[in-house]
1. Being in a helix (DSSP H, G or I), modelled with pLDDT under 90 and assigned by TED's automatic domain parsing to the domain that holds residue 118: is that true of residue 76 here?
2. List every residue pair whose Cβ atoms sit under 8 Å apart, with the two residues 6 or more apart in sequence or on different chains, where the first one lies in the stretch 434-459 and is outside the structural domain of residue 373 (by TED's automatic domain parsing) and the second, anywhere, is in a loop (DSSP other than H, G, I, E, B) and crowded, with 16+ Cβ neighbours inside 10 Å.
3. Go through the stretch 1-31 and give me each residue that's part of a loop (DSSP other than H, G, I, E, B) and either in contact (Cβ under 8 Å) with a residue 40 or more places away in the chain or surrounded by 13 or more Cβ atoms within 10 Å (Cβ to Cβ) (or both).
4. Residue 374: surrounded by fewer than 20 Cβ atoms within 10 Å (Cβ to Cβ), part of a loop (DSSP other than H, G, I, E, B), at negative phi and assigned by TED's automatic domain parsing to the domain that holds residue 481, yes or no?
5. Can you tell me which residues in the stretch 404-443 are in contact with a strand residue (DSSP E or B) (Cβ under 7 Å, 6 or more places away or on another chain) and in a loop (DSSP other than H, G, I, E, B)?
6. Could you check the stretch 382-392 and list, in sequence order, the residues that are surrounded by fewer than 20 Cβ atoms within 10 Å (Cβ to Cβ) and under 32 Å from the mean Cα position of the chain (by Cα)?
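The values are calculated or read from the model by the stated rules, or taken from the named source; none is laboratory data. Note that the structure is predicted; figures quoted are calculated from it, not measured. Cβ placement follows ideal geometry from the backbone for every residue including glycine, while neighbour counts extend to all protein chains displayed.
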């Protein structure tokens with residue numbers, strides 16, 4: 001596949017140079033290395049280099065500048081840039097200047113083969129282009145090559161767009177649905193489906209589908225035929241049958257499911273042939289989806305572990321103060337209802353669902369003499385009690401994946417008029433989830449008996465919420481909350 005390729009690796013990190021050298025040597029490539037731009041230029045002048053892999057940051061020259069120099073020295077050298085920093089401006093500049101691809105460290109070596117194959121395909125066009133322009137004997141061939149180069153530009157643009165669409169997914173997006181959307185748009189197919197493979201029943205289970213008009217019924221036995229299973233273990237790892245293309249989705253060498261695409265009808269006949277680019281793009285989409293699915297599995301596992309840790313802390317608070325447990329449950333339920341009434345996005349509702357039960361997490365840092373005091377607090381004690389929102393943020397922010405949630409806890413005692421604590425934020429500077437919890441938290445506190453005071457009547461509490469709208473509370477949320485509670489017949 002890439003055997004015999006002359007590869008130049010330019011990086012001042014000896015570990016990366018050694019790893020890449022060993023990888024390409026195992027694939028029967030000829031490897032040259034350089035740790036400076038000057039050495040790289042010397043090797044380009046002396047050796048017949050096919051592909052140069054350049055680091056953006058070098059000790060004597062910027063990698064983009066080195067790319068320009070190599071382009072002047074030898075137009076046929078294909079160049080792959082790599083960097084440890086995800087700088088979109090650098091990526092765009094490199095691609096504009098003729099880089100074939102851009103890799104972000106750390107990258108998986110088995111994915112590098114796909115990049116090399118694509119790069120060598122492009123280089124063959126560059127060599128052909130140079131040969132034709134030097135001879136100037138065949139104008140038709142020049143025109144054909146120009147069309148191929150335009151196709152290559154389109155291919156590179158599509159590749160970048162695929163990567164960008166996957167990279168823009170957030171943790172709450174449905175990866176399988178987005179994968180089908182991307183396949184549908186890029187391949188312009190008639191039907192696209194994703195099947196989970198049930199290891200117990202040995203049957204494919206349809207999970208997602210996207211189609212134009214009426215897609216044909218698919219015989220599920222196709223998946224389980226000997227022909228299909230054998231193709232999973234060939235270098236191709238896909239199967240084309242009639243106008244349908246099957247591709248397994250794999251995580252750590254385990255097939256978790258399959259993608260089926262069906263081509264559109266061309267006039268009255270069905271085209272039975274998929275272009276190489278169709279297969280290439282489908283494989284790329286499958287690869288990107290697999291990475292996203294694996295990351296999601298790891299994230300959810302980590303999230304579960306974090307939540308278990310926080311649950312243990314909450315249980316410790318509940319043993320000290322039983323009011324906190326029931327209070328947090330009620331505030332969470334009411335906050336979710338208000339979020340729904342306010343038509344907040346699914347992401348905000350998920351944040352409230354998580355933060356609500358732990359919004360008073362910081363009380364674990366408040367001394368019992370203050371937390372459990374039966375009478376009113378002194379000014380000094382009140383200042384200590386107010387610090388619970390900061391303690392809660394400090395605990396939650398230790399988990400990187402909960403950075404946004406920690407800000408919600410910190411700000412749930414801020415006021416809309418800027419007179420709250422701990423940061424005196426105002427209006428939209430206060431996270432929307434914090435503003436929701438603030439209304440529900442205050443209402444629950446007012447309508448609950450405490451050792452040092454009796455609960456306020458429900459209507460009196462609602463009147464107080466109305467009075468404090470635009471001061472303590474976001475006016476739109478206060479108005480929605482009052483309407484919601486007045487329509488609730490349960491007392």
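1. Judged against the criteria, residue 76 is not a match.
2. So the pair list comes out empty.
3. Answer for the stretch 1-31, where residues must be part of a loop (DSSP other than H, G, I, E, B) and either in contact (Cβ under 8 Å) with a residue 40 or more places away in the chain or surrounded by 13 or more Cβ atoms within 10 Å (Cβ to Cβ) (or both): 1, 2, 5, 11, 12, 13, 27, 29.
4. Taking the combined requirement at face value, the residue satisfies it.
5. 416
6. 390, 391
Residues are listed down the side, and each one gets a yes or a no for (1) within 28 Å of residue 157 (Cα to Cα); (2) touching a strand residue (DSSP E or B) at 6+ places or on another chain (Cβ under 9 Å):
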residue	(1), (2)
15	no, no
20	yes, yes
33	no, yes
51	yes, yes
59	no, no
70	yes, yes
73	yes, no
95	yes, yes
